[in-house]
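A.B. asks: One structure is given below, represented as structure tokens, and several questions about it will come after.
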Amino acid sequence: MSILALSNFISLSLTALFASAAMIHLLAPSALRTFYQEWGYKNGFCRAAALLLFTTAFFLALPETRLWGALLGGAVTFAAVVALLYRGRFLFALPGYLVLFVLPLTMVPSLLP
């Protein structure tokens, strides 16, 4: 498998991941709202997070904007990992580490001549 095919596969997989996370935040189940309220976030935070996640998924889906999607996705994921680590949820932060590890691979086509 070539590096470009691997990069496209990872990009589309992350697109599905970010779009799924956006849908969960948009629907805002009670458990998610409770976590955010306990951590001191405002009521509309789920909607703002959903917008950022949808934007990331949209940017990652298009090859022309994949670099911006990777940068936005990295910022969103980094903020989530920091928030989880700050609150002592170390195991919950592990998927975020994995996303941060593979996100640079989505930028390979943008960086090649």
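A.B. asks: Could you count how many residues in region 59-82 are in contact (Cβ under 8 Å) with a residue 24 or more places away in the chain, under 17 Å from ALA22 (Cβ atoms) and hydrophobic (A, V, I, L, M, F, W, C)?
C.D. replies: 4
A.B. asks: Conditions: (1) loosely packed, with under 13 Cβ neighbours inside 10 Å; (2) under 11 Å from the mean Cα position of the chain (by Cα). THR34 meets all but one. Number of the miss?
C.D. replies: (2)
A.B. asks: Kindly provide the set of residues from region 68-96 that are surrounded by fewer than 17 Cβ atoms within 10 Å (Cβ to Cβ) and over 21 Å from TRP39 (Cα atoms), ordered by number.
C.D. replies: LEU71, the sole residue that qualifies.
Conditions tested, residue by residue: (1) modelled with pLDDT of 95 or more; (2) of a type in the set (Phe, Trp, Tyr); (3) under 11 Å from the mean Cα position of the chain (by Cα); (4) outside any helix (DSSP H, G or I).
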site: ALA50; (1), (2), (3), (4): yes, no, yes, no
site: PHE54; (1), (2), (3), (4): yes, yes, yes, no
site: PHE58; (1), (2), (3), (4): yes, yes, no, no
site: LEU67; (1), (2), (3), (4): no, no, no, no
site: VAL81; (1), (2), (3), (4): yes, no, yes, no
site: LEU85; (1), (2), (3), (4): yes, no, no, no
site: LEU94; (1), (2), (3), (4): yes, no, no, no
site: LEU105; (1), (2), (3), (4): no, no, no, no
site: PRO109; (1), (2), (3), (4): no, no, no, no
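A.B. asks: Restricting attention to region 31-39, does a residue exist that is of a type outside the set (A, V, I, L, M, F, W, C), over 21 Å from VAL99 (Cα atoms), outside any helix (DSSP H, G or I) and free of Cβ contacts under 8 Å to residues at least 40 places away in the same chain?
C.D. replies: no
A.B. asks: Additional query: In region 41-64, which residue that is more than 17 Å from THR15 (Cβ to Cβ) and among the aromatic types (Phe, Trp, Tyr) is surrounded by the most Cβ atoms within 10 Å (Cβ to Cβ)?
C.D. replies: Out of the qualifying residues, it is PHE45.
The values are calculated or read from the model by the stated rules, or taken from the named source; none is laboratory data. In this text, all values refer to a predicted model and were calculated from it rather than measured experimentally. Here the Cβ is made from the backbone with ideal geometry for all residues, glycine too, and neighbour counts use every protein chain on show.
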